[in-house]
Amino acid sequence: MNRIALIVAVVAAVIVIVRTVGIRRRHHRDVGRFSDAQIAEAGARLGLVPVAQVDGERATAPDPAAEHVTSALGAGNWESGAQYLEGAGTDWQERDRRSVLLAEEAVKDDAWLTAWRAARPRDPGAALVHARSLVYLAWEIRGSAQARSTTREQFDGFHRVLAQAKEAFGAAQDAAGDDPCPFVAELPLAMGLGYPHEAFAAIWAEIEKRDPYHLAAHRSALQYWCAKWRGSHEEAEAFGRAAAAKGAPGQLLSTIVLDAYFEYEIAHDDLNPGEYYRRPEIVAATDAALADVAAAHAANPHDPAVAPARHLLGSFLYWQNRYEEALAQFRLADGYAGTTPWSYYGDPATRYVKVRDYCAAQVARAGTGS
């Protein structure tokens with residue numbers, strides 16, 4: 001893919017808004033006895049990817065199959081996109097991921113999607129991609145600036161396209177059958193249009209009925225329950241804890257409560273992250289996520305959801321002064337930084353490498369006993 005995957009379009013917009021405010025000063029740990037040169041040297045000594053080569057947009061390495069599809073779509077070959085989506089079968093996580101990619105491509109140029117819908121007017125895959133692309137298009141129209149810097153024309157266009165998306169989701173859901181993806185894809189719309197809790201719960205019930213362990217759905221729903229959208233910090237943490245409690249090892253649902261803890265921290269400028277992330281309940285959640293990520297990797301080393309989980313987990317370990325464990329996570333996801341928490345910074349690659357190499361310097365110091 002050529003840009004950050006918009007797994008949740010609304011979240012991506014929020015990330016960019018945070019970037020415009022500036023790098024959050026509280027996330028700059030006092031490096032104390034280490035100079036910048038010592039930190040960089042520690043990373044280089046371990047053969048870690050230099051900052052100039054770290055991809056700050058992608059969370060994982062490019063997918064050759066996805067790149068082949070995007071190339072075919074650029075040439076107007078809608079059949080390639082249809083086959084790509086169908087190829088996910090009933091792996092709803094993968095179908096969701098593939099529909100995100102296709103929707104992103106449709107925002108750039110939807111001629112192939114128009115042809116697909118004309119050729120197969122009742123194709124549930126085409127209906128899903130169409131509805132999802134409208135949400136992404138709405139955010140393209142609105143832009144990523146804060147409200148005071150957004151024009152009335154942008155807001156009008158934003159709400160007009162979101163209204164179209166709501167209608168499109170109705171059509172996609174009517175054709176969904178057992179597929180939860182049209183309901184998962186509506187969750188960002190629920191944030192954008194401010195669905196009341198009862199309406200959101202109705203969508204969530206349809207998702208749980210079809211796939212109660214859908215990771216992307218939980219990650220999107222967590223955003224809805226955050227105080228910055230339609231809930232509160234208490235509701236977000238409760239949702240995260242419930243997700244973690246029901247998930248089996250390898251499903252990565254333990255990371256949802258980490259998302260909730262992270263969202264709380266970034267919303268409170270008066271917090272000391274070094275103290276906050278060492279709270280017993282957060283350390284316990286971190287330990288559970290370590291086991292969850294290990295199980296997910298063992299089940300499928302190529303699972304695209306594992307690398308983002310490693311980055312988030314590594315950042316928690318960093319704040320807990322568990323440098324060796326953090327470094328282990330970073331080394332397994334190295335080279336890519338287009339994911340939380342780094343995407344909340346103006347330069348994700350630079351922030352990631354600074355944290356990663358600081359951990360490397362700490363591990364090196366512990367090894368020498370100095």
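The values are calculated or read from the model by the stated rules, or taken from the named source; none is laboratory data. Model, not experiment: these values are computed from the prediction. When we count neighbours, we look across all protein chains shown, and the Cβ atoms used for this are built from the backbone with ideal geometry, even at glycine. Keep in mind that these areas ignore ligands, DNA and RNA; they rest on the heavy atoms of the full protein, side chains included. Shrake-Rupley method; radii C 1.70, N 1.55, O 1.52, S 1.80 Å.
Scanning the range 313-326 for residues that are open to solvent by 10 Å² or more (accessible area, probe 1.4 Å) and not hydroxyl-bearing (Ser, Thr, Tyr) yields Trp319, Gln320, Asn321, Arg322, Glu324, Glu325. What do you reckon, is Ala40 under 30 Å from Pro212 (Cα atoms), at pLDDT below 95 and either of a type outside the set (A, V, I, L, M) or open to solvent by less than 60 Å² (accessible area, probe 1.4 Å) (or both)? No.
Of the listed requirements (1) more than 13 Å from Gly335 (Cα to Cα); (2) in a loop (DSSP other than H, G, I, E, B); (3) modelled with pLDDT of 90 or more, Leu48 misses just one: (1). Summed over the range 71-92, the residues that are in a helix (DSSP H, G or I), open to solvent by 30 Å² or more (accessible area, probe 1.4 Å) and over 19 Å from Val135 (Cβ atoms) give a count of 6. The single condition among (1) in contact with a His (Cβ under 8 Å, 6 or more places away or on another chain); (2) more than 27 Å from Arg58 (Cβ to Cβ) that Val184 does not satisfy is (2). Taking the criterion of being open to solvent by less than 40 Å² (accessible area, probe 1.4 Å) and assigned to a helix (DSSP H, G or I), the residues of the range 259-273 that qualify are Asp259, Ala260, Tyr261, Phe262, Glu263, Glu265, Ile266, Pro273.
Of the residues that make up the range 177-200, is at least one at positive phi and either of a type in the set (Gly, Ala, Ser) or open to solvent by less than 10 Å² (accessible area, probe 1.4 Å) (or both)? Within the range 177-200, one or more residues are at positive phi and either of a type in the set (Gly, Ala, Ser) or open to solvent by less than 10 Å² (accessible area, probe 1.4 Å) (or both). In the set (1) open to solvent by 20 Å² or more (accessible area, probe 1.4 Å); (2) in contact (Cβ under 8 Å) with a residue 60 or more places away in the chain, His302 fails one condition alone, (2).
The set of residues in the range 177-198 being under 20 Å from the mean Cα position of the chain (by Cα), more than 14 Å from Pro124 (Cβ to Cβ) and assigned to a loop (DSSP other than H, G, I, E, B) consists of Glu186 alone. A single member of Arg97, Arg142, Arg122 is touching a residue at least 24 places away in the same chain (Cβ under 8 Å), surrounded by fewer than 24 Cβ atoms within 10 Å (Cβ to Cβ) and within 16 Å of Leu189 (Cα to Cα), and it is Arg142. Would you point out the residue of the range 55-64, among those that are out of contact with any Leu (no Cβ under 9 Å at 6 or more places or on another chain) and outside any helix (DSSP H, G or I), that is surrounded by the most Cβ atoms within 10 Å (Cβ to Cβ)? Filtering the range 55-64 for residues that are out of contact with any Leu (no Cβ under 9 Å at 6 or more places or on another chain) and outside any helix (DSSP H, G or I), the one surrounded by the most Cβ atoms within 10 Å (Cβ to Cβ) comes out as Ala59.
Please verify whether Glu105 is open to solvent by 60 Å² or more (accessible area, probe 1.4 Å) and out of contact with any strand residue (DSSP E or B) (no Cβ under 7 Å at 6 or more places or on another chain), treating the condition exactly as stated. Please lay out each step first, then the result.
Values: open to solvent by 60 Å² or more (accessible area, probe 1.4 Å): no; out of contact with any strand residue (DSSP E or B) (no Cβ under 7 Å at 6 or more places or on another chain): yes.
In short, no.
Of the candidates Arg310, Arg279, the single residue that is free of Cβ contacts under 8 Å to residues at least 24 places away in the same chain, under 13 Å from Leu252 (Cβ atoms), open to solvent by 10 Å² or more (accessible area, probe 1.4 Å) and out of contact with any Pro (no Cβ under 9 Å at 6 or more places or on another chain) is Arg310.
Can we say Tyr336 is under 25 Å from Ala217 (Cβ atoms), open to solvent by 20 Å² or more (accessible area, probe 1.4 Å) and either of a type in the set (Phe, Trp, Tyr) or touching a strand residue (DSSP E or B) at 6+ places or on another chain (Cβ under 9 Å) (or both)? In short, yes.
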